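Please read the structure below before turning to the comments.
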Amino acid sequence: MPQQSPAMYFEDYELGQTMCSAPRTVTDADIAHFATLSGDQNPLHMDADYARETVFGGRIAHGLLGLAIASGLAAQAGFVDRTVLAFTGLDWKFRNPIRPGDSILVAAEVGRLRAMPSLGGGLVVLQVTVRNQDEVVVQQGNWSLLVKARCCAPEAGTALDQ
């Protein structure tokens, strides 16, 4: 099992702080599995002959697949893992297509912080950018998260700290 990054509590975030994930390659299998899971069998994603005749010139991944992978990359990198109580909002733009074989990564900057003691933490707004292997921005926007405060964390040795 890969080693987990230390949990980031609300107090650990600083305005302007930046974080970056490792890259991940989007595969044909990812697209097929997402199409099955979501029920979105649009030929733009599933049919190479059809997609070749579109403005994209070939198959592209579902936009929401890119967002889902971005969320996973952010969790794996440790900056939205184990202390996020709720994903409270999203303002998101799909800038360029993600193609099968593209490697994408997530960069995030803390754009806003607001303590919310009555909820046991605070609001963290991350300005998130997803880029491909050519440094092209494919998706970007803001994620609003309710993050647990350290004061409200379980005692040491519980699942959150392991």
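Note on Ala22 and Asp134: the model spin-label points, each 7 Å out from Cα along the C-beta direction, lie 2.6 nm apart. Ranking of Trp143, Trp92 by neighbouring Cβ atoms within 10 Å, starting from the fewest: Trp92, Trp143. Computed over neighbours whose Cβ is under 13 Å from that of Gly16, the net charge equals -1, Lys and Arg +1, Asp and Glu -1.
For the peptides 22-35, 93-106, residues were scored by their other Cβ atoms within 10 Å and the scores averaged per peptide; the highest-first order is 93-106, 22-35. Here region 10-151 is treated with +1 on each Lys and Arg Cβ and -1 on each Asp and Glu Cβ, and its dipole about the Cα centre works out to around 380 debye. Measure nothing but the geometry: give the 0 to 90° angle between the long axis through the Cα atoms of 28-38 and the longest principal axis through the Cα atoms of the chain, rounded to 10°. Once rounded, the angle reads 70 degrees.
With the simple model of a label 7 Å out from the Cα in the direction of the Cβ, Leu113 to Ser38 spans 3.4 nm. If you look at the Cα atoms of the chain, you get an Rg and a Dmax of 17.6, 58 Å. Its DSSP H runs of at least 4 residues, each contributing -39,500 (n - 2.57), put the calculated 222 nm mean residue ellipticity of the chain at -6000 deg cm²/dmol, to the nearest 500. Net length available on complete extension from Arg95 to Arg150 is 16.2 nm, with 0.36 nm assigned per residue and the Cα-Cα distance removed. To the nearest ten degrees, helix 63-77 and the longest principal axis of the Cα atoms of the chain are 40 degrees apart.
Where a number appears in this text, it was derived from the coordinates with a stated rule and is not lab data. As the structure is a prediction and not an experimental result, all values here were calculated from the model. Quick reminder, even Gly has a Cβ in these numbers, built from the backbone with ideal geometry, and neighbours come from all protein chains shown.
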